[in-house]
Structures are given as structure tokens and as C-alpha cells.
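All of the numbers you see were taken from the coordinates with simple rules; none came from a lab. All figures in this text were calculated on a predicted structure; none of them were measured in a lab. Using ideal geometry, Cβ is built from the backbone for each residue, glycine included, and neighbour counts are taken over all protein chains shown.
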Amino acid sequence: MVIDNVYRSIYMFVIIFLAVCLFACLIRAIKGPRIADRIVAVNMMGTMVMVIMTALSLMLKESYLVDISLIYAMISFIAVVVITKVYIGIYEERKAARRRKGDAD
């Protein structure tokens, strides 16, 4: 019984700590300054949510939350890859436009 209370306290501490870190990553994702910083912050937020879900699964003794956490991790990874691909495409377009503008001058 006592050990269950200790584990519950540890899980709550971890969840609260990660929630504060998640808020800090949200600020970094909004503030920037570069797109790469925002992409890394979004990726880190996805990872933290996954860990929070896993800790919640252990605390509540519900194993299906781990499965949901794994699905969330895959979706988060795909989202970051898509965002990075879009950013690279925009960067290449800007680079080509600058080259064309330099050739026209």
C-alpha cells in the first residue's frame, strides 16, 4: 500500500514536470526565432505528450494507453517529416527566386 502511494506521487511529479516543460516548448514553437527551432519544439512536444501518456498509463494501470501512445508517436513523427518537407520546399523556392532575381539584374 505504501509503495503504491510512493509510485503515485512519483508519477504525478513526472506528469506535472513534463507539463511545465511542454508549456516551455510551446513558447519556443511560437516564438521561434527560426523555423528549425519551431520544428524541433513541435517534435519535442510530441515526445513529451507520449511520455505523459505512458506515465498516466502506469499510474492508472491501464495498458491500452501505451498503445495509444505508440500510435501518437507515429503520427507525431509523420507530422514532423511532412512539416520539414514543406519547409525544405519553401526554402528551395526562395533560393531559386533569389537566383533568378540575381540573374535578371
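Here is how the numbers come out for the structure above:
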| read-out | value |
| --- | --- |
| Among (1) in contact (Cβ under 8 Å) with a residue 24 or more places away in the chain; (2) under 18 Å from the mean Cα position of the chain (by Cα), the one test that TYR11 misses | (2) |
| Test result for ILE68, assigned to a helix (DSSP H, G or I) and exposed (fewer than 13 other Cβ atoms within 10 Å of the Cβ) | no |
| Residue under evaluation ARG38, criteria (1) under 30 Å from SER9 (Cα atoms); (2) crowded, with 17+ Cβ neighbours inside 10 Å, criterion not met | (1) |
| Matching residues in the stretch 34-79 - criterion: being aromatic (Phe, Trp, Tyr) and touching a residue at least 12 places away in the same chain (Cβ under 8 Å) | TYR72, PHE77 |
